[in-house]
Amino acid sequence: MHLRSLLLALLAGSLCACTSSATISNVSAADIPADKYRKIAVFVEKLSDAERPVAEEIFVSKLQRAGLEAESATKIFGGTTSSEKEKEQLIQSQFDSVIYLAVDKEIFEEAMPNSRHDDRSITLSSDPSQRIVNMITLPITDATTKEYVLRSDGSVAKPVLKLTVKSDLQDTKTAKLVWTAESNSSGHPGRVNVVQLFTQISDQIIEKMHADHAI
């Protein structure tokens, strides 16, 4: 019985991937200095006051581990009453670039084709066009109703938490936007949270910045 439960869990995992992610970037190579950007101020936008400092620190620590000098907007301006002009002058004097990370988060339902329920059990099937069709039947319990969304028409969906991050890297001396990217990462809200998805996206963004020779 233990082995059968394990096989069912593995099959369920193959039918419903835990996370997916991607990053697409655009670079203005002619505007990036030959020695690239080494000192970066990090601004996270559109998250709550509780989430923003955490996200900034995640990104800053990853930049620092990559050998760059980085600091978060929260620490740079924390507790100060400086004017916008003074803040701008501070950034220009201490950093050669600033990255703005605008974060959008949403939770939605994603339909699971070829899967049905009858109020007693759920039948999950993979794409019938595949050479081998995987199919499992699960009883409807508290655990399965947390994992899946059972719709009134008998169809089955899965809840998805999606994070989309728009990244803009700006040269502080010229005020030019030199690098942009859009990243997204998603997963089941019962298994991943905003911090985990943002951490995954941060790795991708920094990897792209390296690949595009911005840092």
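Just a few scattered comments:
- When residues of the stretch 138-189 are limited to those that are out of contact with any helix residue (DSSP H, G or I) (no Cβ under 8 Å at 6 or more places or on another chain), of a type in the set (S, T, N, Q) and assigned to a strand (DSSP E or B), the one nearest to Thr19 (Cα to Cα): Thr164
- Test: residue in the stretch 155-167 that is among the basic types (Lys, Arg), under 30 Å from Asp35 (Cα atoms), in contact with a strand residue (DSSP E or B) (Cβ under 7 Å, 6 or more places away or on another chain) and surrounded by 15 or more Cβ atoms within 10 Å (Cβ to Cβ): yes
- Filtered residues of the stretch 22-44 (kept if open to solvent by 70 Å² or more (accessible area, probe 1.4 Å) and part of a strand (DSSP E or B)): Ile24, Asn26, Lys39
- Among (1) more than 28 Å from the chain's Cα centre (by Cα); (2) surrounded by fewer than 14 Cβ atoms within 10 Å (Cβ to Cβ) - the single one Ala143 does not satisfy: (1)
- Among (1) over 26 Å from Thr174 (Cα atoms); (2) modelled with pLDDT of 95 or more; (3) not polar (S, T, N, Q), the one test that Ala50 misses: (2)
- Being at pLDDT below 95, small (Gly, Ala, Ser) and within 25 Å of Val192 (Cα to Cα) is a description that applies to Ser126.
- Here Leu63, Leu47, Leu101 are screened, and the one residue that is hydrophobic (A, V, I, L, M, F, W, C), under 23 Å from Ile206 (Cβ atoms), in contact with a helix residue (DSSP H, G or I) (Cβ under 8 Å, 6 or more places away or on another chain) and part of a loop (DSSP other than H, G, I, E, B) is Leu47.
- Some residue of the stretch 53-67 being open to solvent by 50 Å² or more (accessible area, probe 1.4 Å) and β-branched (Val, Ile, Thr): yes
- The single residue among Glu71, Glu88, Glu109 that is of a type in the set (D, E, K, R), assigned to a helix (DSSP H, G or I) and open to solvent by 40 Å² or more (accessible area, probe 1.4 Å) turns out to be Glu88.
- Within the stretch 87-108, residues that are touching a residue at least 40 places away in the same chain (Cβ under 8 Å) have Cβ atoms under 6 Å from residues that are assigned to a strand (DSSP E or B) and among the aromatic types (Phe, Trp, Tyr) in these pairs: Tyr100/Phe43, counting only partners at least 6 apart in sequence or on another chain.
- Cross-chain or 6+ apart pairs with Cβ under 9 Å, the stretch 188-215 first and within 21 Å of Gly67 (Cβ to Cβ) and open to solvent by 30 Å² or more (accessible area, probe 1.4 Å), then part of a helix (DSSP H, G or I) and of a type outside the set (A, V, I, L, M, F, W, C): Thr199/Lys62; Asp203/Lys62
The values are calculated or read from the model by the stated rules, or taken from the named source; none is laboratory data. Worth saying up front: this structure is predicted, and the values here are computed from it rather than measured. Neighbour counts run over all protein chains shown; Cβ positions are idealised from the backbone, glycine included. Only protein heavy atoms, including side chains, enter the accessible area calculation; ligands, DNA and RNA are left aside. Shrake-Rupley method; radii C 1.70, N 1.55, O 1.52, S 1.80 Å.
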